[in-house]
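To keep things clear, I will list the structure first and then write my remarks on it.
The values are calculated or read from the model by the stated rules, or taken from the named source; none is laboratory data. Given the structure is predicted, the values throughout are model-derived calculations rather than measurements. Cβ placement follows ideal geometry from the backbone for every residue including glycine, while neighbour counts extend to all protein chains displayed. Side chains are part of the model used for accessible areas, which takes the heavy atoms of the whole protein and leaves out ligands, DNA and RNA. Shrake-Rupley method; radii C 1.70, N 1.55, O 1.52, S 1.80 Å.
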Amino acid sequence: KQREIFYGDIRKNASAYCVATASIREIEELNILGAAMLAMKRAVEGLKITPKYVLVDGNRMPDIAIPGETLVKADGISAAVSSASILAKVERDRYMVEMSKKYPEYGFEKHKGYGTAAHYEALKKHGKCEIHRDSFLKKLTLKG
């Protein structure tokens with residue numbers, strides 16, 4: 001609930017922001033990390049203001065033409081990184097709530113697509129839908 005409050009404030013007050021995604025197909029082709037790097041690259045390139053420097057939360061830098069650095073837990077020390085994290089998480093959660101309307105049997109509005117027991121139970125009962133990734137489903141097979 002706090003993220004939702006901050007989300008509105010960030011969008012209202014930020015000099016620039018861009019939330020970008022990778023498709024299910026891109027995630028499957030590139031893996032989660034590769035897709036995250038692609039989405040970060042798209043987000044930086046989609047900004048209305050070109051940044052002079054980019055700080056990335058983590059230990060890998062996306063392929064961008066702007067100088068920058070990586071820092072594990074940067075969201076704990078940088079308002080910009082923390083804000084970007086909030087925007088991304090709220091957008092993802094909202095997407096999952098929308099998907100829950102299309103696929104109510106999976107409970108996406110509750111678990112947001114994470115590998116919870118409830119999500120795995122829904123998959124066992126209903127099978128996969130179009131937004132389930134095969135690489136995610138491999139985890140289900142491993143869990144039984």
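What's the total number of residues in the stretch 1-31 that are β-branched (Val, Ile, Thr) and closer than 16 Å to SER85 by Cβ? So the count comes out to 4. When restricted to residues that are touching a strand residue (DSSP E or B) at 6+ places or on another chain (Cβ under 6 Å), of a type in the set (A, V, I, L, M, F, W, C) and farther than 20 Å from ALA14 by Cα, the stretch 44-70 contains 1. Return a yes/no flag: does the stretch 52-63 have any residue that is part of a helix (DSSP H, G or I) and open to solvent by 50 Å² or more (accessible area, probe 1.4 Å). Among the residues of the stretch 52-63, not one is part of a helix (DSSP H, G or I) and open to solvent by 50 Å² or more (accessible area, probe 1.4 Å), which makes the answer no. GLY34 meets the conditions (1) open to solvent by 40 Å² or more (accessible area, probe 1.4 Å); (2) under 27 Å from PHE136 (Cβ atoms) in every case but one. The failed one is (1). Would you say TYR103 is open to solvent by less than 80 Å² (accessible area, probe 1.4 Å), at pLDDT 95 or above, over 27 Å from GLY8 (Cβ atoms) and not hydrophobic (A, V, I, L, M, F, W, C)? Yes: the conditions hold for TYR103.
Here TYR120 fulfils each of the conditions (1) in contact with a Gly (Cβ under 8 Å, 6 or more places away or on another chain); (2) modelled with pLDDT under 95; (3) not small (Gly, Ala, Ser) apart from (1).
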